[in-house]
Structures are given as structure tokens and as C-alpha cells.
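The values are calculated or read from the model by the stated rules, or taken from the named source; none is laboratory data. Only a predicted model underlies this, so the values are computations on that prediction, with no experimental measurement involved. Positions of Cβ are backbone-derived with ideal geometry, glycine not excepted, and every protein chain shown enters the neighbour counts. Ligands, DNA and RNA are excluded from the accessible area calculation, which covers all protein heavy atoms including side chains. Shrake-Rupley method; radii C 1.70, N 1.55, O 1.52, S 1.80 Å.
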Amino acid sequence: MELEVRHLRALCAVADTGSLHRAARLLGVAQPSLSTQLRRIEQELGGELFIRERTGCRPTPLGRIVLGRARPLVAEMRSLVAEARAAAADGLQLRIGSTASRALAGWLRRLREHRQEPLLQMDVSANALLNLVAEGRLDVAFVHEVEGCPLRIPDGLRLRVLVEREPQFVSLPNDHPAAVRPVVHLSELAQDRWMVDPTVDGEWDAVHRMLRSAGLNPRVLHGDYHTAASLVATGEVVTVCQPTRQSGPETAVRPLHGDPLGVRLLLAARTEAELDGVYPELAEAYEETARQAPAYREWLEHGGSGTPVPALP
């Protein structure tokens, strides 16, 4: 006999009710049939799973081991059935994972226009998102790979490059002396405090390497980039940022001289067909976002490397 989910469900029912009689009623089967099934399961596993007493049944040590593995499997199967029924009733939903990107809003909007209803899961860790795709818990993931810090690509994933090298810019206070320049030299930021998010895969290593290569050893604070944006606005720190970020009333976004830090933007899925289904909308959304960011648009117009969009009018 080969064990099936229904056998595991029967074991859980016996353990939960403490009685073959009550378990049979719960499962909607006759008690003799359940008793026969339990004996066959025990024969297959090589030992008694329950001690039968006049007051009911209780698991043996072997039974407790088997139940410890059976319960998560039964719960997972229950979730699978519920999700499948919901998808059948509401239409198939596209499960998307992404690291932070200003292109996300346009991408999701375009997918909805093409009658794909996306479910979004954000994570600062690109490696974590790639693992979720490999495990089948996400359909696609849009991630960035920090230069010099390769991602761990699980076997079987298909990748498509959106941008081979996106330069990382710097965000600094509007009243910073370097903010008056169209391009900032790292030496102009030597006396500033920097803020870096160490939870982003590869980010701290890459920023540290960039600063060290420029001969700088500034004070570095750790924090997420939402906090960093607030502290930049109050003049407390400077921070690296995506080039698609726009300057605000209190902050300036500028390219760094020589583009010392870059990332590769990737789309990952398990099949080429899944990539084909969402890549065009992502490329359009990214192009739109790049055009709307003045500093990035100017960088592209002047022939920046890794240009992701056609020549801008």
C-alpha cells in the first residue's frame, strides 16, 4: 500500500478525536472501515501508531513522530485546495515578487489592463524572492543584483535582463554645496554621514567598496531607505538611490561622477513563457519611469552606459 493524503487525514482525525468511533463520524466512514485502514497504515509504516484502550486511542511514540510530519502536509493540502478553488472562482492571479522599484506602479497598472490581476510581495532580499519563485510560491520576481555581489540563482530559474547596468545616484539635501552641480564627485561627500540599508543583498558591501576605492572612510549609519529619505531631507545624511528617484523640495538626486556603483535589473521565472507574459509591460513601465526622472533622463540623453530605453526625444 502506498500512503496518500487521505491516510494522513485519517491519522490526524483519530489523534484529534481520541477515538476511532468519533474519527469515523468526522470522516464520514464506517468505523470497521477506518479500523481496517489504520491497520494497513501501521503495517506499511512498520509499527503501531495508536494504543487502543477502552477509553479511546492515544498516539504511540512512533505515532507522535508520524503525526508531527502528517499535520503540516494535511494543512498544506487544505490550503492548496482552498487557493485553487478561489482562483477558479475569481480568475487566475499572478503572483509577483519585487525589490523596491519606482517602475512597479506602472507595471502593475499595465498588467491589470491586460486582465492579469497581480498579487504583490515585496522584499528587500532579492535572494529570498528568487527562492520563492523556485519553490513555486511566486510566479515571477523583479529583482536587482548589486554589482560585485552576485545573486544565488536557484537551479531551474529562467532570467531576463531588463537593464544590464543601472547606475546608482546619490540623494543629498537641497542645501548641500554639491547639490548645485549636475554631477557629484564622491570627494565632495567625504565629510557627510552616509546611510545604507544592510538588509539589501550586497548593498553594504558594494557601498563600502565604492567609498574605500575613492579613499573615503565616512561615518555610516544603518537604516532602511524610507528612513534614509527622511534624514536626507533634514540634512542628516546622504545616501545612494535609484536613478529613477526624483528630486523633491528638500532633496536633490544627482549622478555620481564615473558611475562607481551599478546594479543589474533582472526578471526571474520558472519558464520562458512566464517571462514573455509580463516582460513587455515591465519594460514599458521602466521606460516611462526613466523618462519622468530628470536626472536619469539627462544621464541617458548624454550616452550613459547601460541605456535601458530608446533615445529620448
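Here are a few things to note about the model shown:
- Filter result for the condition that a residue is within 21 Å of the chain's Cα centre (by Cα), free of Cβ contacts under 8 Å to residues at least 12 places away in the same chain and either within 22 Å of ARG6 (Cβ to Cβ) or not in a helix (DSSP H, G or I) (or both), over LEU119, LEU94, LEU80: LEU80
- Selected residue (criterion: most open to solvent (accessible area, probe 1.4 Å)) from residues of segment 236-249 that are assigned to a loop (DSSP other than H, G, I, E, B) and over 14 Å from THR289 (Cα atoms): PRO249
- When the test is whether a residue is closer than 23 Å to VAL133 by Cβ and either assigned to a helix (DSSP H, G or I) or within 25 Å of the chain's Cα centre (by Cα) (or both), TYR286 passes it.
- Every condition in (1) under 13 Å from the mean Cα position of the chain (by Cα); (2) farther than 24 Å from MET195 by Cα; (3) surrounded by fewer than 17 Cβ atoms within 10 Å (Cβ to Cβ); (4) not basic (Lys, Arg) holds for GLU113 except the one numbered (1).
Let's see how each residue does on (1) in contact with a Pro (Cβ under 7 Å, 6 or more places away or on another chain); (2) among the small types (Gly, Ala, Ser); (3) open to solvent by 30 Å² or more (accessible area, probe 1.4 Å):
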residue	(1), (2), (3)
THR99	no, no, no
ALA105	no, yes, yes
PRO118	no, no, no
GLU147	no, no, yes
VAL161	no, no, yes
SER171	no, yes, no
PRO177	no, no, yes
VAL183	yes, no, yes
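- Taken over segment 250-282, the criterion of being open to solvent by 30 Å² or more (accessible area, probe 1.4 Å) and hydrophobic (A, V, I, L, M, F, W, C) is satisfied by ALA273 alone.
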